[in-house]
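See structure below.
The values are calculated or read from the model by the stated rules, or taken from the named source; none is laboratory data. Note that the coordinates shown come from a computational prediction; the quantities given were computed from them, not determined experimentally. Cβ: placed from backbone, ideal geometry, glycine included. Neighbour counts: every protein chain shown.
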Amino acid sequence: MSGAILTLARRGTAWARRRLNAERRVVAAEFDRNYYLAVNPDVAVTGADPLDHFLAHGWREGRDPNGRFSVVEYLNDNPDVVAAGVNPFAHYLRSGRAEGRTPAHDMGFRYRILARQIRPQDQLDAAARATLGVKIGTPAQLSAGLASSRTGLRDLHITFSHDDYRTNVGGVQLCIQREAAGLVERGHDHLHLCPPVAWPMLRLAGEEGRLLVLLNGRPLGTFPPAVIAEALARVPASGGVRSFAVHSLLGHTADETIAIVRAAGLGAGFFWLHDYASLCAGYNLLRNNVEDCAAPPPNSAACGICIYGPWRGPQAAAHATLFAGLDLTVVSPAARTLDFWRASGAPPISRAVVHPHATLAPRGPAPRPSADRPLRVAYVGWPVAHKGWPLFQQLALRYAGDPRYAFHHLGARAEPGLPVSFREVRVTAEQPAAMQAALEAAEIDVLIFWPLWRETFSFTVYEAIAAGCAVITGPDSGNVAAMVEAQDAGWVLETPDALEAAFASGEVAKLARARRASMLYDMTLSGMTLDLIPAIP
Amino acid sequence: MKVLAYSSFTFSYLNRARVLFESLRRHHPDWELVALMTDEPPPGFDFDPASEPFDRVVWASDLGIPNFKSWLFKHDIIEVSTAVKGPFIHQACAGGADVVIYLDPDTTLFAPLDPLLDWLGDHDILLTPHLIDPNDDHMAILDNDISTLRTGIYNLGFVAIRTTGEGARFAKWWNDRLLSYCYDDIPTGLFVDQRWCDHVPALFDKVKVIRDPGYNVASWNLSRRTLAVGKDGAITVNGYPLRFWHFTKLGPLGDVMTKRYAGDNFPVYEIWAWYKRQVAAATDPAIPDRWWAYGRFADGEPIEKAQRVLYRQRGDLQAAYPDPFASGRGTFQDWLAHEAA
């Protein structure tokens with residue numbers, strides 16, 4: 001290389017360096033190092049300086065400098081910035097902002113849910129594929145398995161649900177676990193029937209059925225429903241106590257369920273409203289998984305654009321068949337749930353009862369912390385949209401560093417890159433009150449619990465109220481709103497904007513423990529269906 | 001009142017047209033539904049009009065357009081699919097219908113269009129403007145307000161007329177203009193069939209400009225329209241029932257413009273996702289992607305836009321080659337290969 005060219009090259013490099021340094025000064029002011037490392041773990045593992053990485057490579061790879069600016073969207077919107085070949089974030093900070101250009105399109109969390117949506121048919125296909133490898137047992141194997149019962153099936157409680165209550169986590173599973181524990185105490189037999197893998201919908205007539213059989217918590221194998229009915233028919237009741245409860249019909253057909261119940265010599269039993277699967281295949285009544293639909297008329301425009309629309313009729317009809325074929329008492333964990341269900345095209349029923357999964361007994365006033373500490377605002381459980389995580393996350397990001405607030409997340413899994421202090425809490429059979437204890441110990445003032453769907457019952461809201469927390473929820477939250485209103489335990493706000501306004505104005509501080517006469521409670525779980533069945537014949 | 005609703009398209013848009021006609025049939029089972037097609041079925045695709053969700057097909061070649069092949073060659077696929085709307089609506093005025101409604105194949109009904117028939121009690125011509133509220137944001141003004149100054153104030157994805165009076169007079173005028181001047185030539189002041197209709201409120205009486213936001217919702221007016229889905233199951237736009245949506249540019253461009261203006265108004269994305277599912281379900285894999293029978297010379301060589309423009313500008317070529325699609329010695333294609341260079 002000649003001396004002149006070398007000089008030019010050096011000048012060029014020096015110019016590029018100066019430009020990068022100038023960009024660095026502009027960008028550094030609003031670059032979020034923690035955010036960048038959290039959303040780009042591949043950068044974090046290299047140990048590179050995140051700002052250097054963004055300036056040199058990151059923006060060209062579509063990586064965002066903070067949670068409020070989208071490199072890809074800014075370039076999509078501004079072809080002149082693309083043509084100039086400059087760092088779009090630097091452009092925005094230098095001139096784009098003053099010119100009124102948009103830093104990112106906030107399409108909201110619901111856009112992301114819709115973009116990742118799995119159609120019901122694909123969910124069913126996946127469940128069917130997962131079932132393919134399941135070995136089907138013989139009638140002899142089932143009879144042999146049933147012989148290992150506590151009472152020779154004389155005293156027998158049969159439960160139906162959508163999955164194996166021992167290995168899956170959730171409210172329905174907890175209810176069946178409670179029932180199973182009660183049956184151990186009574187010395188009765190418990191037969192649980194469910195699809196061998198969780199099934200998203202009812203099976204329709206003509207679809208081949210496969211049911212996992214659990215006897216007293218022990219798997220006997222997977223069998224065709226007709227084989228199960230035949231096996232039960234061979235063991236007559238002979239004066240014992242027999243009962244059944246349908247916790248969920250997903251993965252079952254109405255006719256097969258009726259046949260199994262009849263084969264056991266039963267006709268009258270219980271049907272639980274853990275969800276709204278009896279109204280629609282979208283069992284939580286979230287249209288397209290994004291908004292409470294309130295079960296509008298099936299021929300409505302809303303059902304017309306919903307992924308569950310075409311599946312609603314068959315699923316409701318199958319439940320109607322079940323109600324016509326058996327003498328069912330509907331059990332609802334909350335009055336609001338039952339009222340809504342009855343007003344929303346539910347099948348005709350003869351009896352209904354309200355039986356909460358838990359009750360609260362006052363323990364005494366909660367201690368009052370000092371009034372000058374920040375308001376402790378918490379989210380509990382999995383960071384998922386249908387429980388309201390996006391709203392909490394938005395608040396935590398917006399008010400990060402605001403001395404009025406401190407944000408806490410209590411649950412099994414942390415969400416990285418957020419200004420939220422995380423505390424691992426796992427509720428187990430051995431530690432059923434772990435969440436309540438953790439909320440109480442952390443002296444959480446306010447729980448943000450804004451589920452998208454109208455919860456039929458919420459253990460979370462019971463735990464929070466028992467721990468002396470105030471709860472803020474939305475209008476579509478079902479029994480969460482009902483509990484908050486009934487216990488005067490917080491606010492039911494109309495919109496997320498109202499929630500934001502309460503934080504902006506500071507009005508939310510009215511819910512601080514220091515300013516509320518909050519109570520502590522002992523929470524007792526019910527015995528579920530067993531409370532409704534006499535122990536002695 | 002006898003109503004005829006039609007849409008103009010080619011086989012590559014049959015999937016979208018199926019979604020439109022199914023929605024028309026659902027909401028208006030008594031309307032006559034007509035597919036106006038400027039195409040020929042691709043080999044290997046068994047086209048059975050009787051099993052389609054429309055009542056009949058009218059082929060553009062049967063509209064009686066003089067020197068059809070020569071006329072057709074002057075247009076690209078969009079120009080000709082819009083041009084044939086004129087002859088059809090003009091001829092339909094003498095066909096026994098009281099009302100004729102045109103809808104683009106990429107529109108879909110979400111509620112009945114009954115109010116149109118009420119308006120046609122007092123008016124003879126109904127048009128939907130691209131915009132019914134002005135934008136005040138710079139980018140939105142560029143994308144929408146200024147863009148429509150180039151392409152036309154009214155969106156001709158929809159027009160409805162009475163088949164008598166001013167409606168019939170409009171149909172004859174539109175027919176005449178589109179047969180001669182339906183080109184995408186914005187510098188000259190033309191944008192296919194659409195820009196012509198800027199004249200309509202001046203040239204005709206009894207014209208109603210529909211300023212109800214429930215009609216012709218599209219990416220170009222989403223900046224001023226907000227969707228909501230009520231607990232009663234109704235879908236509304238700025239509080240009015242959503243009547244029909246115009247799914248312009250199904251693909252990346254439509255996605256970008258929709259996201260830009262829908263923002264976090266999530267029911268918009270629900271509706272788009274629904275539409276994409278419907279179109280996918282209505283797509284027949286036997287129709288090749290971007291199929292158009294009139295997009296190639298007889299020997300299969302693709303026809304370039306410049307070749308069409310040259311042909312339409314040169315009366316001598318039109319006279320010398322009345323079938324410009326032909327291949328072989330002495331054809332327009334042969335002339336292009338040897339003389340045009």
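Quick notes on this structure:
- Filtered residue count, the stretch B:212-234, keeping only those that are among the β-branched types (Val, Ile, Thr) and either within 16 Å of A:Ala302 (Cα to Cα) or modelled with pLDDT under 95 (or both): 2
- Residue ranges of helices (runs of 4 or more DSSP H) in the stretch A:426-537 with at least 3 members crowded, with 19+ Cβ neighbours inside 10 Å and not small (Gly, Ala, Ser): A:434-441, A:459-466, A:479-487
- Taken over the stretch B:211-233, residues that are within 13 Å of chain A (Cβ to nearest Cβ) and in contact (Cβ under 8 Å) with a residue 60 or more places away in the chain amount to 2.
- Residue match in the stretch A:274-286 (condition: more than 14 Å from chain B (Cβ to nearest Cβ), more than 30 Å from B:Leu242 (Cα to Cα), part of a loop (DSSP other than H, G, I, E, B) and at pLDDT 95 or above): yes
- A:His188 vs. criteria buried (at least 18 other Cβ atoms within 10 Å of the Cβ), out of contact with any Gly (no Cβ under 6 Å at 6 or more places or on another chain), farther than 22 Å from A:Thr253 by Cβ and in the same structural domain as A:His319 (by TED's automatic domain parsing): yes
- Pairs where the first residue, in the stretch A:301-330, is within 14 Å of chain B (Cβ to nearest Cβ) and the second is among the basic types (Lys, Arg), C-beta under 6 Å, 6+ apart: A:Ala302/A:Arg287; A:Cys306/A:Arg287; A:Ile307/A:Arg119
- Residue satisfying all of: in the stretch B:240-257; in a loop (DSSP other than H, G, I, E, B) and farther than 27 Å from A:Thr102 by Cα; farthest from the other protein chains (Cβ to nearest Cβ) among these: B:Arg243
- Residue check, A:Arg376 over 22 Å from the mean Cα position of the chain (by Cα), crowded, with 20+ Cβ neighbours inside 10 Å and assigned to a strand (DSSP E or B): yes
- So B:Arg290, is it basic (Lys, Arg), outside the structural domain of B:Leu14 (by TED's automatic domain parsing), crowded, with 18+ Cβ neighbours inside 10 Å and touching a residue at least 12 places away in the same chain (Cβ under 8 Å): no
- Scanning the stretch B:263-303 for residues that are under 27 Å from B:Phe21 (Cα atoms), among the charged types (D, E, K, R) and part of a loop (DSSP other than H, G, I, E, B) returns B:Asp284, B:Asp289, B:Arg290.
- B:Arg260, sole failed condition from (1) over 30 Å from B:Trp173 (Cα atoms); (2) assigned to a loop (DSSP other than H, G, I, E, B): (2)
- B:His199, sole failed condition from (1) touching a helix residue (DSSP H, G or I) at 6+ places or on another chain (Cβ under 7 Å); (2) at pLDDT 95 or above; (3) in a helix (DSSP H, G or I); (4) over 24 Å from A:Gly309 (Cα atoms): (1)
Conditions (1) under 20 Å from the mean Cα position of the chain (by Cα); (2) surrounded by fewer than 19 Cβ atoms within 10 Å (Cβ to Cβ); (3) not aromatic (Phe, Trp, Tyr), marked per residue:
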position: B:Leu20; (1), (2), (3): yes, no, yes
position: B:Pro29; (1), (2), (3): no, yes, yes
position: B:Pro43; (1), (2), (3): no, yes, yes
position: B:Arg56; (1), (2), (3): yes, yes, yes
position: B:Ala60; (1), (2), (3): yes, no, yes
position: B:Val84; (1), (2), (3): yes, no, yes
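- Filter result for the condition that a residue is under 24 Å from B:Tyr183 (Cα atoms) and not acidic (Asp, Glu), over B:Phe21, B:Phe73: B:Phe73
- Residue in the stretch A:122-131 that is farthest from the other protein chains (Cβ to nearest Cβ), counting only those that are in contact (Cβ under 8 Å) with a residue 24 or more places away in the chain and more than 24 Å from A:Cys306 (Cβ to Cβ): A:Thr131
- Single unsatisfied condition, A:Ala263 versus (1) touching a helix residue (DSSP H, G or I) at 6+ places or on another chain (Cβ under 7 Å); (2) closer than 22 Å to A:Thr329 by Cβ; (3) crowded, with 21+ Cβ neighbours inside 10 Å; (4) of a type in the set (A, V, I, L, M): (3)
- B:Asp299 meets the conditions (1) touching a residue at least 12 places away in the same chain (Cβ under 8 Å); (2) surrounded by 13 or more Cβ atoms within 10 Å (Cβ to Cβ) in every case but one. The failed one is (2).
- Pairing residues of the stretch B:316-331 that are farther than 22 Å from B:Ile65 by Cα with residues that are not small (Gly, Ala, Ser), at Cβ distances under 6 Å and at least 6 apart in sequence or on separate chains, gives B:Ser327/B:Phe297; B:Ser327/B:Asp299; B:Ser327/B:Gln333.
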